[in-house]
Structure formats: structure tokens, C-alpha cells
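Here is the structure we will look at.
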Amino acid sequence: MSQEPMTAVLGRAAAVGPFFSVRTSAGAPRDQGFLPLAELYGQGVSPALRNRLETVATRLGTAEARVAASLVHQGLAGRLWSIALGPAVLAGRVPDLSSDALWWHPERSAPDDLWLPSPSPSLSPSPSPLPLPPVEDLASRLRAAVLRDHLVPLHHAISATTAISPKVLWGNAASALVGTLRVLHGWCRSTGHGEAAERAVALTASLLNATPLRDCGTLDPNVPAFSRRSCCLYYRVPGGGLCGDCVLRRT
């Protein structure tokens, strides 16, 4: 397994695209308008989350709170999967993304919305190089880093503010994961990282095969592509339409 500093690992992953990038320099995030994600979906309903939902609803031109909630959820899920899956696939490492260490800016978009000062791995690296961990080991770390520490509390927080189906939210999480896979897989193939491309598919398949993403849809690992069993509600945005993996395309 690669023993390079986690900042270097995240820097390599950032080459995939802006969604895979996270700021890693030292500094004072709160002084620049960032807040720890723990404040977005910690105990109770945070003002930060309410403000975010209202801002997105205004930008989308929708009066439906559940539409804004769905798209806020899916956008953040995509960012979290990207900065976790990239390092896992490219270096066999998963950064520590605990919600009190990862900072988010409500008014910025990728790649300027996330800041992880002084990043470290989720597990201490060995002092000597080791082979990449097995897929299931990496998948377990990804579940802890993204699902347990972020998407589960975000799910609860959004559900407390908006009447929205859990099926929609977990479908969003699965769809965002496969969207991350498609970008990463394409980059790996185009840059001669065939083994990493295969590892990306295997990790995604493992994540989709476990609760709470199991039964959210069907992955075609050959493309790769996804057919979800729910809808993110983007079609209800003025001028919106159906996403490529939407269940409504088949019904």
C-alpha cells in the first residue's frame, strides 16, 4: 500500500476532476466562511441546513421543499463519494473524513466547497509499503467514512426538515456513487490505469451490495451504468428533465 502522505494521495485523486478535489492546506476555515459538516447535520435541525435548502430552492426556482432537499442531498453525496473513492481506488487509502474534521462552504461549488486541513488516513499506515488492501477491506472503510459519518446523519437531518421518501434519498446516494464511478473509471481507462478502473467497479459493486444501498438499483459493471429504482425529482425543477439512470425512463 502506498505510504505517501495523505495530502499527496488527495492531490493525485484531484487530477480526476473538480469533484475529486478537496483543499488540504492548513488554516482557519471558519474565518473564511466554512463550517464543519457536523454542524450541517448534527443534533437537531441546524440553521445551516435550513439555509442551504432555502437557497437551493430559490436557485432552482422551485417551491417544492422535497425537490430542493433531494438535490442538496445528491450533490453533497457526490462530493463525499468522490473524495473518498478516488484515494481508495488510486492508492488503497481512505482519508479520515469525520464530520468535525471536514469543512464545507455553503456558497461555493466544487472544487472550492470542501476543506480538509491536515488530512490523515482513516487507519494509520504501516511503516513499510504493503500491497493494496482487499476490496472488502476498502469497502468497509468507505462505508464508515461516507455512509456512517456523513450520509446517515445527513439522511436523518433532511428527513427532519422535509417530507421526503427514504427511498429517494438512498437512491440518490447510490446514484451519486455510480456517477463517481463513471468519472473515475473513464479517467483510469484513459490514463492507462486499467487495474484501478477494475478496482473502482469492484468497490462500487461491494458498496451497492450492502445496506443501505442494496436494492436501490442495478449496476451494469461492463459499462459501467446504473438503473435506479427511484427518482431524484429533478424533472420537477422548471426546465428540468430525467436523469440517465432514472426509474421514470423505464416506466
- Query: Listed highest first by mean packing, meaning other Cβ atoms within 10 Å per residue, what order do 229-239, 82-92, 195-205 come in?
  - Reply: 82-92, 195-205, 229-239
- Task: Starting with the highest mean, order 49-56, 186-193, 172-179, 63-70 by the number of other Cβ atoms within 10 Å, averaged over the residues of each peptide.
- Result: 172-179, 63-70, 49-56, 186-193
- Note on the structure: In terms of the alpha carbon gyration tensor, root eigenvalues a ≥ b ≥ c, rounded if a/c is under 1.5 and otherwise prolate when a/b exceeds b/c or oblate, segment 1-112 is prolate
- Antiparallel %, DSSP beta bridges [both residues in the chain], to 5: 90
- Message: Suppose R0 equals 35 Å. What FRET efficiency, 1/(1 + (r/R0)^6) with r the Cβ-Cβ distance, do N222 and S140 give to the nearest 0.05?
- Response: 0.90
- Query: When only alpha-carbon atoms count, how far does segment 104-251 stretch along each of its three principal axes, as whole angstroms with the largest first?
  - Reply: 53, 35, 29
- With a Förster distance of 25 angstrom and the Cβ-Cβ distance between H156 and R59, calculated FRET efficiency to the nearest 0.05 equals 0.55
- Neighbourhood net charge (13 Å Cβ-Cβ; Lys/Arg +1, Asp/Glu -1) for R229: +3
- Task: Take every Cα pair under 8 Å in the chain that's 6+ residues apart, average their separations, divide by the length, and report that relative contact order as a whole percent.
- Result: 24
- Item | In Hz, Karplus ³J(HN,Hα) per residue of segment 225-241 (6.51, -1.76, 1.60; θ = phi - 60°; x = Gly, Pro) | 8, 9, 10, 8, 9, 8, 10, 7, 6, 4, 5, 8, 6, x, x, x, x
- Message: Can you give me the long-range amide H partners of F226? Hydrogens built in the peptide plane at 1.01 Å from N, cutoff under 5 Å, separation of 5 or more residues or another chain.
- Response: D220
- Item | Reciprocal mean inverse distance between Cα atoms of segment 193-243 - Kirkwood radius, Å | 12.6
- Message: Please compute the length gained on full extension between Q32 and Q3, using 0.36 nm multiplied by the number of residues separating them and subtracting their Cα-Cα distance.
- Response: 7.3 nm
- Between R229 and E198, with labels modelled 7 Å along Cα→Cβ, what's the label distance in nm to one decimal, could you check? 3.0
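Read-outs: derived from the displayed coordinates by stated rules, not from any lab. Being a predicted model, the structure only gives us computed values, none of them experimental. Don't worry about glycine lacking a Cβ; one is built from the backbone with ideal geometry, like all the others, and counts go over all protein chains shown.
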